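Here the structure is laid out as structure tokens; the discussion comes afterwards.
The values are calculated or read from the model by the stated rules, or taken from the named source; none is laboratory data. Keep in mind that this is a model prediction, so the values were computed, not measured. Cβ placement follows ideal geometry from the backbone for every residue including glycine, while neighbour counts extend to all protein chains displayed.
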Amino acid sequence: MQHPYYPQMEYAFTIGIELTGARWIKPTSVGMTRAAVYAGSGTIEGPMLRGKVIPMSGGDFPLVRADGVIDFDARYLLEADDGTVIYLQNRGFRWAKTPEAAEKMNRNEPVGDDEYYMRVSPKFDVPDGPHAWMSKHVFVGVAEKIPGANRIHYFVVR
């Protein structure tokens, strides 16, 4: 039996983002590895939002934990087709399900979506207007890791 408060989700949009080369801090003062990966460009397509990633408007500063989990903290700007600028902050995790998948991802090679876990919890800062709904809802992002890029499918929780 499903819980009466089980959340309903609706597909909102997908952001395809091209990433620049990473810069690494190994090890950091906390003994882990940190990277800086910038948002080179990207597109937004979907029924609730269309537009682009504003090139070089931010990036991801992931922490690579000792257990191999990548702890994301990404921040960059989007521009909707109507010109609205939207601030996006993504927090989330990526980890490989097998050592072989981890090695493929480390070499920036393709991996199957069943070989890793990659989920994000985004937050949007949006001005008043047609996209203000984004700053009033919780979203869940399910990400695809592709060589040199990420494609994240966002679902709004109703």
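Tabulated data for the structure shown
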item: Enumeration of residues in region 20-35 that are farther than 13 Å from GLY59 by Cβ and outside any loop (DSSP other than H, G, I, E, B); result: TRP24, ILE25, THR33
item: Residue in region 109-123 that is of a type in the set (Asp, Glu), in a loop (DSSP other than H, G, I, E, B) and in contact with a Pro (Cβ under 7 Å, 6 or more places away or on another chain) present; result: yes
item: Region 128-158 - residue that is basic (Lys, Arg) and touching a residue at least 40 places away in the same chain (Cβ under 8 Å) and, of those, surrounded by the most Cβ atoms within 10 Å (Cβ to Cβ); result: LYS145
item: Hey, PRO4 assigned to a loop (DSSP other than H, G, I, E, B), at pLDDT below 95 and under 24 Å from ASP71 (Cβ atoms) or not; result: no
item: VAL111 vs. criteria of a type in the set (A, V, I, L, M), in contact with a Lys or Arg (Cβ under 7 Å, 6 or more places away or on another chain), within 17 Å of HIS153 (Cβ to Cβ) and without any contact (Cβ under 8 Å) to a residue 60 or more places away in the chain; result: yes
item: Residue match in region 87-94 (condition: surrounded by 15 or more Cβ atoms within 10 Å (Cβ to Cβ), at pLDDT 95 or above, of a type in the set (S, T, N, Q) and farther than 16 Å from HIS153 by Cα); result: no
item: Residues of region 69-98 that turn out to be under 13 Å from MET118 (Cβ atoms) and assigned to a loop (DSSP other than H, G, I, E, B), as a count; result: 2
item: Index of the failed condition, ALA101 passing every other in (1) of a type in the set (A, V, I, L, M, F, W, C); (2) outside any strand (DSSP E or B); (3) out of contact with any Asp or Glu (no Cβ under 7 Å at 6 or more places or on another chain); result: (3)
item: Residue ID - farthest from GLY68 (Cα to Cα), chosen from residues in region 124-155 that are touching a helix residue (DSSP H, G or I) at 6+ places or on another chain (Cβ under 8 Å) and not hydrophobic (A, V, I, L, M, F, W, C); result: ASP125
item: Tally of residues being closer than 18 Å to THR14 by Cα and either loosely packed, with under 14 Cβ neighbours inside 10 Å or of a type in the set (Lys, Arg) (or both) across region 96-127; result: 4
item: Residue check for PRO47: closer than 21 Å to GLU10 by Cα and either without any contact (Cβ under 8 Å) to a residue 12 or more places away in the chain or surrounded by fewer than 20 Cβ atoms within 10 Å (Cβ to Cβ) (or both); result: yes
